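Structure, as structure tokens:
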Ligand code: B1M
């Protein structure tokens, strides 16, 4: 570890990104923290470090997990390293001088404990000027309904990483409809196994491929919402 810390200064940007992928794969949280700080020191943007280092490393973990090369304990270590890196980037990503442009309630749906992508989305939304209420993981329809009643958000965001939990998003949307509040809310969904067709089928307003798309989509919907409010 200390050898690596000394050598970081002598490495090229590309080599450090490669190293980040390897260290994330190996679950080396302390090394990831060092590398994130080094890249920030070199003037790289937080979002680029996140994408080129951390998310790229997690993609490799995901492929090897799928192929039976990695198992849950190793993936948990990788997730811990990812979170260590994200913790450094978080204040930079949520730093915003922008005035509040909307409110969002976001959570991972029932049965699902994956939260890295949801956390990233919440951070980016905060950074873009949204007030975000993060419900965490494994959220029942009751949790979503209670948070909506309490925070009166413009947007409800749901995340699911499992093909077995993504259908639960429909349960939440149906509950919104039954409560007569579906038309008052912008419903955005995301997570690796989802796609546009699924989002349309369950009655969501938008599928967000990644956190950056979530921000763009939310801004677009908020603009439309404001224009409609002005016109009426
Ligand atoms: Co799990 N896991 N996992 N896992 N895991 C996947 C999802 C899997 C695809 C791996 C694989 O087989 N290749 C597979 C699902 C297969 C399927 O459903 N068909 C899987 C499995 C099977 C499981 C378990 C069942 C394994 C087991 O126990 N045998 C188990 C399930 C537990 C449960 O939820 N009940 C399980 C457990 C775990 C860990 C706990 C070990 C860990 C999670 C740790 C954590 O999150 N704190 C874990 C991890 C890390 C993964 C992989 C490797 C990585 C997920 C991740 O964090 N990606 C994943 C493989 C993969 O996805 N390729 C896998 C990085 C993250 C930045 O991307 O989450 O896609 P992502 O988020 C993106 C976009 O999707 C989007 O923006 C994000 C950022 O740009 N987005 C949103 C996400 N949510 C959004 C919400 C929005 C908008 C955009 O709201 C508007």
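Normalised by the number of residues in the chain, the mean separation of alpha-carbon contacts (under 8 Å, six or more apart) gives a relative contact order of 15 percent.
At full extension, residue 56 and residue 201 could sit 49.2 nm farther apart than now, given 0.36 nm per residue minus the alpha carbon distance. Dimensions of the stretch 102-231 along the principal axes, based on C-alpha atoms and rounded to the nearest Å, stand at 42, 31, 29, largest first.
Among 88, 69, a tally of other beta-carbon atoms within 10 Å of each Cβ gives an order, fewest to most, of 69, 88.
May I ask for the equivalent-ellipsoid semi-axes of the stretch 86-177, computed as the square root of five times each C-alpha gyration tensor eigenvalue and listed largest first in whole Å?
23, 16, 9
With neighbour counts taken as other beta-carbon atoms within 10 Å, the residues 12, 232, 159, 140 rank, fewest first, as 232, 12, 140, 159. The equivalent ellipsoid that matches the C-alpha gyration tensor of the stretch 22-122 spans semi-axes of 24, 20, 10 angstrom, in descending order. For the pair residue 171 and residue 151, a Förster radius of 25 Å applied to the C-beta separation gives a FRET efficiency near 0.80, rounded to the nearest 0.05. What FRET efficiency comes out for residue 72 versus residue 209 if R0 is 30 angstrom and r is the Cβ-Cβ distance? Round to the nearest 0.05. With R0 = 30 Å, the Cβ-Cβ based efficiency is 0.70. The angle separating the long axis of helix 141-151 from the principal Cα axis of greatest extent in the chain is about 80 degrees. With bins 10 Å wide beginning at 0, the percent of Cα pairs of the chain falling in each bin runs 8, 31, 32, 20, 8, 2, 0.
Exposure proxy ranking for 168, 47, based on other Cβ atoms within 10 angstrom of each Cβ and starting from the fewest, stands as 47, 168.
No value in this document is a laboratory result; all are computed from the given coordinates. On a predicted model such as this, the values are computed, not experimentally measured, just so you know. For neighbour counting, all protein chains shown are included, and Cβ atoms are generated from backbone atoms with ideal geometry for every residue, glycine included.
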